[in-house]
Each structure stands twice: as structure tokens, then as C-alpha cells.
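The values are calculated or read from the model by the stated rules, or taken from the named source; none is laboratory data. Only a predicted model underlies this, so the values are computations on that prediction, with no experimental measurement involved. Here Cβ is always computed from backbone atoms with ideal geometry, including for glycine, and neighbour counts include all displayed protein chains. Remember, those area values only see protein heavy atoms, side chains included, never the ligands or the DNA or RNA. Shrake-Rupley method; radii C 1.70, N 1.55, O 1.52, S 1.80 Å.
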Amino acid sequence: MIEEAALNNAAWCDALCRAHGLPGAFTPRAWTNPRRTPPYYPDAVTLSPEATDADILPFIDDTPSASVKDSFAALTLPGFELLFEATWLHTRPDAHQGAARDIRWRVVRDAETLRAWEEAWGGQGGLFTAALLGDLSVKLLWAEEGTASGFVLNETPGGRTVGVSNVFGDDAWPHVRTQAAALFPGRDLVGYEIDPAPAAEHGFTPLGPLRVWLKN
């Protein structure tokens, strides 16, 4: 399931990069982008525990501030230092989720709402572009009740899993699974968090570690 989670995360990174006109490339071992990716998003994601630096470094802009998501915490990258460690997460689609309180949610569908969503997430504007709204594999969720809560769902190509990312606000995690079940029924949910505790409180199971490396 970690391989599924890594593939899903790479698909989300690629979707966001494509929305900026910066598509990446997939191989069996890694997703890589030859041009510098937008802030907070890696230049490469490993897709196999067998991936090495030879599968990554020749295919990215290997200059200072390049970053690599080491999905299996297995790489040794010359000239890179550890930026952070995190934990992959997974839950089955049939697991019960009890919502803390009844909140109406909507999918972000227009540029004005997208700007408000990104501001609530904590961005400076322009990272989540309007081009994302036309990507059927991506849904940005926004609470309608005046609470600053939201998250992103993205479907893996082939439809087996749905990723959860960019979760913010006190009311997000209690509603992630119910919203995912409504929009992408029957899909396993995957994602990662530096602090997995909030997700674990709402039915997600830790799978294993990942690391993100930053070029000096």
C-alpha cells in the first residue's frame, strides 16, 4: 500500500505542476520533473523501494533548493540534507467515521472561492491555479459553515485509491472519509502527515515512514 500511496502522491504533484504548465514524467521507479516545481512540491517522488539516485538526479533541476520525496525512506542523496520525516497513512473505504458535527461541504468550482480556500489554507496566492478546477481527478473541499476548514482529494490514475492532502482547520479530519466516500465511492484513502495523530484519531492507519530531502 505504500507504493499505492506514493503513486497517488506523485499523481497529485503532477496535477498541480501541470496546472502551472510544468508536467512531470513517470517511470516505474520515480516521478520526476525537469523544471523547478512550485513551492512546497517536490522535484521527484520515488515510486519503488528499488529507486536510486540514478533514477532521479539526472532528470531534475539538481541545483540548490531541489527536493526529493523519498517514499520508502531508503535513499542516500549526495549533497542533500533531510528536510522532514513523515508517515504514510491508509484507511479502508468501509471504515466507520463519526463526524464531530454536521457541516455542509462543497467542491471549489470557481476562481474566487479558490483564492479564499488557498488563503484559509495559509498560502500566499497563486499556488493553486484555476487550471486545477478543470482536472476531474482533483477535488478541493471547502466547509460552508464559516469554519476555515478544507482539504484536497485526488484520484490515482486507474481509480484504486484517493489521496488526502492539504488538510486544514479543526473540522476537516472528522469529515474526510465521508466526503471522499461521496465523491469517490469504494476507493481506499491514502496520504501522509508529519503528525499522523489527527488522522489516526479518525480511522487512518500508519503505514511507514517517508523522508523529504533538500539540496544544499
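Would you please classify the overall shape of the range 111-154 from the alpha carbon gyration tensor, given that a ≥ b ≥ c denote the square roots of the eigenvalues, rounded means a/c under 1.5, and beyond that prolate means a/b larger than b/c while oblate covers the rest?
Numbers: a/c = 1.90, a/b = 1.25, b/c = 1.52.
Judged from the Cα gyration tensor, the range 111-154 comes out oblate (a/c at least 1.5, b/c at or above a/b).
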Please list, in order along the range 202-213, the HN-Hα scalar couplings obtained from phi with the Karplus expression 6.51 cos²θ - 1.76 cosθ + 1.60 (θ = phi - 60°), rounded to whole Hz, x for Gly and Pro. 10, x, 8, 10, x, 9, x, x, 9, 10, 10, 10
Inter-label distance for ILE194 and THR147, nm, one decimal - labels placed 7 Å from Cα along Cα-to-Cβ: 2.4
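Loop-only GluC sites (Glu not before Pro) in the range 135-216, please: DSSP not H, G, I, E or B, and at most 12 other Cβ atoms within 10 Å.
Working: sites: GLU144, GLU145, GLU155, GLU193, GLU201; in loops: GLU144, GLU145, GLU201.
Answer in residue order: GLU144, GLU145, GLU201.
Per residue, what accessible area does the chain have, given a 1.4 Å probe and all protein chains present, in Å²? Write down the numbers at each step before the final one.
Working: 9800 Å² over 216 residues.
Heavy-atom accessible area per residue stands at 45 Å².
Run the accessible area of the chain with a 1.4 Å probe and give the carbon-and-sulfur part as a rounded percent. Mind showing how you got there, number by number?
Numbers: 4950 of 9800 Å².
Carbon plus sulfur share of accessible area: 51 percent.
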Residues whose modelled amide H sits under 5 Å from the amide H of GLY208, counting only those 5 or more places away in sequence or on another chain, are TRP88
For a paramagnetic label modelled at 7 Å from the Cα of GLU3 toward its Cβ, which residues of the range 172-216 fall within the zone defined by backbone nitrogen distances under 19 Å? 188-191, 207-211
Taking the chain and counting helices only, DSSP H stretches of n ≥ 4 at -39,500 (n - 2.57) each over all residues, the nearest-500 ellipticity at 222 nm comes to -5500 deg cm²/dmol
Proximal charge balance of GLY21 [Cβ under 13 Å; K/R count +1, D/E count -1]: +2
Give the residues of the range 38-82 whose amide nitrogen is closer than 15 Å to a point set 7 Å from the Cα of ALA131 in the direction of its Cβ. 38-39
Identify, among LEU136, ALA15, LEU207, the residue whose Cα sits farthest towards the positive end of the charge dipole of the chain, taking +1 on the Cβ of Lys and Arg and -1 on the Cβ of Asp and Glu, with the dipole about the Cα centre. LEU136
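Is the C-alpha gyration tensor of the chain telling us rounded, prolate or oblate? Criteria: a/c under 1.5 is rounded; beyond that, a/b larger than b/c is prolate, otherwise oblate.
Details: a/c = 1.84, a/b = 1.43, b/c = 1.29.
Prolate.
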What is the gain in length, in nm to one decimal, between TYR40 and ASP61 on full extension, counting 0.36 nm per residue of separation less the C-alpha to C-alpha distance? 6.0 nm
